Amino acid sequence: MDQSKSATGQEPRGGDRVDQSLAHVSLGEAVRRRLDCANFEPDSERGRIEDGGRHASREILPAFAEPVHVGRPNIGNTEAFLRLAAAMLERRWLTNNGPLLQELERRLAAFLGVKHCIAMCNGTIALEIAIRALGLSGEVIVPSYTFVATAHALFWQGITPVFADIDADTHNLDPAAVRRMITPRTTGIIGVHLWGRAAPTAELRQIADEHGLKLIFDAAHAFGASHGNQMIGSFGDAEVFSFHATKFFNTFEGGAVTTNNDDLAEAMRLIRNFGFSGFDNVIHPGTNGKMTEICAAMGLVNLDAIDEMIAANRRNYMAYKAAFAGVPGLTLLPYDEATHCNFQYVVLEIGPEASLDRDEIVVALHEQNVLARKYFWPGCHRLAPYRDLFPHAGLMLPNTEVIADRVIVLPTGTAVQPDVCAQIANFIVAISKNRSNGEAA
């Protein structure tokens, strides 16, 4: 799409502006003014309109004074956090497997119903350490429709990520596509629980067992979610979580690997601390993957507030769901409430019957300071270095290419209220209907 075009598909005009005296207006008013702009006449860089017989210049201002992000950090009880931080400073134990870190690991393991939780400095390092501890090499099959860190964690270690296609309905790995990509060099599969909805765990486990492959799940989106009656965290040989600031459960920055394999857990604990076993005794190659005490403190406080955070996400999701119901071409990705859901991502798919394409809607939202995102466009296979290494990968990824061009992720979290979500959704519906009415005319 030509990024210089407005959401109506027309070149920006000088009159596409809102009166400064109105300051930041509602999205409903923004829609009305956006439609009225078709009648404005350009006057150099400023438009002029009739206003009670007088001509007045109008300058565009977004509907929101501050950017509305897809996800701003959720923060639990501030006083509780400060108490933990003060005690940490009193102990002068800031890192290296401190008491807060140990408590967080115990509580996370119990929450997820898994034997071992190894907390790390971030999710990418956690994935790299899991890959190294499992001895992966050669080729590992991954989706292209994921955050690029999933592929980078392999490539960084001299392993070739082989991209398999997704299921167009679930956005998760398609087991049949995984089978097609297996070669004699394949040593593992990394499934991704995209949007917090479980990957096909049983099917991927069967494929891995048939071919003697290791199986990891990237659970960066899936903390607090379940698959059937089982919490995500104990599937495959290991599962990897991200606790980055933008995740609904965060530790400022952090991550973790969970597993029920005792030997694997021990290996990962060694690797995250340079391979040290006691003082002056290195028994394994390693790196620095340790989570600090201040990050663990944030994790403990946020874990106490997790139910409230999920409830906020669900309220926002329901506001969007109500607004988009029955609108052709605008499909909100559903969550199965028979399982535990974290509702972390509000994923809108723009179908071919929609009157505006995905990029037009994103441009229109950005004009209003709503920073919707095109996750995970254009797919890892079209990012460096993979686009140069595998220039024809898209031929094997038809669903990935279609979905990557259709998806918008919308703002949610405790920093966004349901009425704001409804305004955003209503704005999308209104500009879509305007295009439809214009075409009909």
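The values are calculated or read from the model by the stated rules, or taken from the named source; none is laboratory data. This is a predicted model, so every value here is computed, not measured. Positions of Cβ are backbone-derived with ideal geometry, glycine not excepted, and every protein chain shown enters the neighbour counts. Note: areas computed on protein heavy atoms with side chains; ligands, DNA, RNA excluded. Shrake-Rupley method; radii C 1.70, N 1.55, O 1.52, S 1.80 Å.
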Subject >> Over the range 58-160, equivalent-ellipsoid semi-axes from the Cα gyration tensor in Å >> reply: 31, 29, 13
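Can you check what the Kirkwood hydrodynamic radius comes to for the range 193-256, Cα pairs only, in Å to one decimal?
It works out to 12.2 Å.
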Original post:
Rg(Cα) of the range 316-379 divided by 2.2 N^0.38 Å?
Top reply: 1.20
**OP:** Give me the Kirkwood hydrodynamic radius of the range 74-232, using the inverse of the mean 1/r over all pairs of distinct Cα atoms, in Å to one decimal.
**Re:** 17.3 Å
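Please compute, over every Cα-Cα pair in the chain, the percentage with a separation greater than 27 angstrom.
More than 27 Å apart: 57 percent of the Cα pairs in the chain.
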**OP:** Add +1 for every Lys or Arg and -1 for every Asp or Glu among the other residues with Cβ under 13 Å from the Cβ of Asp304, and state the total.
**Re:** -2
Original post:
Full extension from Glu79 to Asn288: what is 0.36 nm times the residue separation minus their Cα-Cα distance, to one decimal in nm?
Top reply: 72.2 nm
Subject >> Gaussian network model of the chain, Cα within-10 Å springs - most flexible of Gly135, Gly299, Gly224 >> reply: Gly135
Subject >> Overall dimensions of the range 120-164 by Cα: Rg and Dmax, Å >> reply: 9.8, 29
Subject >> Neighbourhood net charge (14 Å Cβ-Cβ; Lys/Arg +1, Asp/Glu -1) for Ala220 >> reply: -2
Subject >> R0 of 56 Å, Cβ-Cβ distance Thr95-Ala338: FRET efficiency to nearest 0.05 >> reply: 0.85
**OP:** Determine Rg/Rh for the range 260-384; Rg is computed over alpha-carbon atoms and Rh is the Kirkwood hydrodynamic estimate from the same atoms.
**Re:** 1.14
Original post:
Dipole of the chain, Cα-centred, from +1 at each Lys and Arg C-beta and -1 at each Asp and Glu C-beta, to the nearest 20 debye?
Top reply: 420 debye
Subject >> In Å, descending, principal axis extents of the Cα set of the range 317-441 >> reply: 46, 45, 29
**OP:** Amide H neighbours of Val162 under 5 Å, at least 5 residues apart or on other chains, H built in the peptide plane: list them.
**Re:** Val140, Ile141, Val142
Original post:
Quick one: accessible area per residue over the range 65-216, 1.4 Å probe, rounded to a whole number of Å²?
Top reply: 44 Å²
Subject >> Binned Cα-Cα distance frequencies in the range 222-264 - 10 Å width, integer % >> reply: 29, 47, 24, 0
Original post:
In whole angstrom, how far apart do the alpha carbon centroids of the range 86-122 and the range 316-371 sit?
Top reply: 36 Å
**OP:** Given the peptides 307-316, 64-73, 405-414, arrange them by the average over their residues of other C-beta atoms within 10 Å, most packed first.
**Re:** 405-414, 307-316, 64-73
Subject >> Mean shadow area of the range 155-281 over all directions, Cα convex hull, nm² >> reply: 9.7 nm²
Subject >> the chain: antiparallel DSSP beta bridges as a percent of all, rounded to 5 >> reply: 60 percent
**OP:** Determine the share of the range 91-204's accessible area contributed by carbon and sulfur atoms, expressed in whole percent, with a 1.4 angstrom probe.
**Re:** 55 percent
